[in-house]
1. Of all the Cα-Cα pairs you can form in segment 123-176, what percent are over 19 Å apart?
2. Counting only other residues whose beta carbon sits under 9 Å from that of Ile515, what net charge do I get with K and R as +1, D and E as -1?
3. Identify all lysines with a Cα-Cα distance to Lys375 below 21 Å; exclude those on the same chain that are fewer than 8 residues away in sequence.
4. I'm checking a number: the convex hull volume of the Cα atoms of segment 128-264, normalised per residue, in Å³. What is it?
5. Antiparallel versus total DSSP beta bridges in the chain: what percent is that, nearest 5?
6. Starting from the Kirkwood radius over alpha-carbon pairs of segment 51-149, derive D by Stokes-Einstein at 25 °C in a medium of 0.890 mPa s and give it in µm² s⁻¹.
7. Taking a cut-off of 14 Å between Cα atoms, list the aspartates and glutamates near Lys527, but don't count ones fewer than 8 places away on the same chain.
8. Evaluate 2.2 N^0.38 Å with N set to the residue count of segment 339-487, then give the Cα radius of gyration divided by it.
Amino acid sequence: MTLYSKWGEILNIDSPLQEYPRPNLIRDSYVNLNGVWEYQIISDGESISNDWNKIIVPFGVGSKLSTVSNILQPTQELWYRKRFDYNKKNKKTILHFEAVDQVCWVYLNGVYIGEHEGGYDKFSFDVSDIIKTSNELIVKVKDYSEKGIYSYGKQRLKPNGIWYTPISGIWQTVWLEDVSLDYIEDVFYQCDFDNKKLTVSLVGNFKQAVIVISEKGKIIKRDITSDNIVEIEFEEIHPWSIEDPFLYDVYIETEGDTIKSYFGMRKVSRIIDEKGIARFALNNKALFLSGVLDQGYTCDGIYTYPSDEAMIFDISMAKKLGFNMIRKHLKQENRRFYYLCDRMGILVFQDMINGGGASNLISYKQIIGMLGFKKDDSKYKFFKRDDENSRKMYYKELNDMVLTLYNNPSIVCWTLFNEGWGQFDSREVINFVNKIDDSRLINHASGFFDQGLQDFYCRHVYFKKINFKKDKFNRINIIGEFGGYSYFVKEHSQFDKGYGYKNFKNVEMFNKKLIDVYRNEIYPCIKEGLSGCVLTQLYDVEKECNGLITYDRKVLKVDAKRIAAINLKLTKGVK
């Protein structure tokens with residue numbers, strides 16, 4: 001059965017996803033290259049031919065919305081071609097790719113302009129001396145999926161169960177902008193919540209910059225600097241919170257450049273309550289984290305949401321059901337997604353995308369992990385991370401992710417490894433992240449193979465009753481995954497049978513089990529020290545039918561008011 005969301009059904013293939021892709025640094029110059037491109041797939045070593053076919057960018061090969069259903073093999077090459085006209089209006093022209101999975105080589109007007117490794121992060125090229133009025137852009141792509149050294153998330157060449165259909169190639173927006181020679185390349189905000197200070201770090205070759213900060217249209221701070229780093233003090237601050245996701249507007253101007261940006265003032269920390277229990281705190285107030293797993297998959301775009309409205313629906317639905325946190329699971333999302341989380345007020349636990357050797361759902365290693373066995377994660381072969389190049393690539397992709405998402409106040413935690421998949425050297429990885437970003441908490445091992453480090457003690461509990469288990473290090477105690485209860489709605493699935501950990505034949509029993517596990521297992525653990533939980537999951541993904549919503553986002557399987565009431569009770573359980 002061919003499955004489409006309502007946003008995919010009305011997609012304009014000539015101009016999809018036209019929204020500005022970089023919400024934290026906006027300038028007037030913007031040309032979107034999404035739409036109809038050409039492609040061909042050839043075997044390694046073959047020459048490209050004149051046999052070009054149409055593809056819809058930025059939807060990855062393998063997705064319905066791209067119109068190309070092929071699964072690209074590691075022995076194949078994917079070639080793109082885009083012909084376009086361009087009217088240059090400033091000194092420099094920058095060509096941006098928001099994400100290409102996994103490795104690509106880029107040519108403009110017959111000139112090789114560069115390459116990029118890693119399937120999840122943005123990259124760009126200065127094409128000032130190459131761009132013309134009429135242009136031909138060529139992109140060559142290789143995708144090794146789980147067979148290479150790169151992160152791949154839940155994608156698998158042979159999808160089944162918890163492993164899903166892979167995509168390849170361009171899967172986020174491609175765009176151009178013209179800038180001055182003194183343009184602002186990037187901006188970073190470091191908030192000191194307790195001392196009411198903001199440090200603004202500017203990247204760029206400018207002589208002088210004017211920084212203007214506004215609150216609800218009223219200018220509250222104005223600073224002129226010749227330095228790349230400036231500290232701004234506030235008399236009072238308007239905190240960013242779930243209930244009031246307030247964002248300050250920022251305007252920055254150099255001799256030839258003007259950008260619009262934003263930031264949110266908030267603090268994330270671990271505190272000890274009056275009973276000596278470690279709790280998660282937002283703005284110095286303890287908060288129970290009632291979360292839901294969000295894998296970032298859609299039935300028609302797979303990795304790529306068809307529109308902003310589709311992303312807003314998912315975030316709104318999580319909030320409607322009373323969740324205050326989503327765990328973005330083993331995928332780095334497009335930058336607009338996190339902007340919407342900032343604007344709408346929901347916390348994000350951001351997973352690093354897993355890589356290394358592919359693991360099975362039930363392997364002897366994971367069973368060992370479930371039994372609480374502590375395995376030293378410097379044993380690379382045990383964790384299928386014995387390839388040194390794979391470990392180096394992990395650091396590169398992790399660095400890119402943290403820097404790209406650094407400014408988003410909604411992101412409150414980095415999850416470094418999930419269930420031991422490709423885990424290695426957790427202590428060193430934690431130190432690496434803390435040097436880049438010390439404003440967030442770190443969950444180094446979600447599920448299994450805890451090394452006793454950093455901020456969270458995080459267990460995954462499936463197939464058995466949830467009981468509280470004390471952490472000897474008194475870290476924030478959370479259940480990082482639980483549930484997996486499944487109800488299959490055949491009319492809203494592309495498969496004849498569903499997959500789940502515990503299947504229910506009717507929606508009433510499905511709802512009853514969800515309510516019961518919260519009331520009888522999760523809630524009683526809060527007084528003992530449980531500080532958060534993450535339900536699997538917000539929506540079905542392919543065969544996996546354990547979502548609260550169907551994969552096409554058309555059927556809500558649960559009683560929204562009852563789930564919201566349960567979540568309200570949970571969040572009031574911690575003060």
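The values are calculated or read from the model by the stated rules, or taken from the named source; none is laboratory data. Treat the numbers as computed from the prediction; the structure is a model and nothing was measured. With ideal geometry, Cβ positions are generated from the backbone for all residues, glycine too; neighbour counts draw on all protein chains shown. Side chains included, ligands, DNA and RNA excluded: accessible areas come from the protein's heavy atoms. Shrake-Rupley method; radii C 1.70, N 1.55, O 1.52, S 1.80 Å.
1. Beyond 19 Å sits 47 percent of the P(r) for segment 123-176.
2. Net of charged neighbours comes to +2.
3. Straight-distance partners of Lys375: Lys365, Lys384, Lys469, Lys470, Lys472.
4. Considering the Cα atoms of segment 128-264, their hull volume per residue is 214 Å³.
5. Within the chain, antiparallel bridges account for around 70 percent of the total.
6. Translational diffusion coefficient: 168 µm²/s.
7. Here the aspartates and glutamates satisfying the reach criterion relative to Lys527 are Asp273, Glu274.
8. Computed over Cα atoms of segment 339-487, the ratio equals 1.05.
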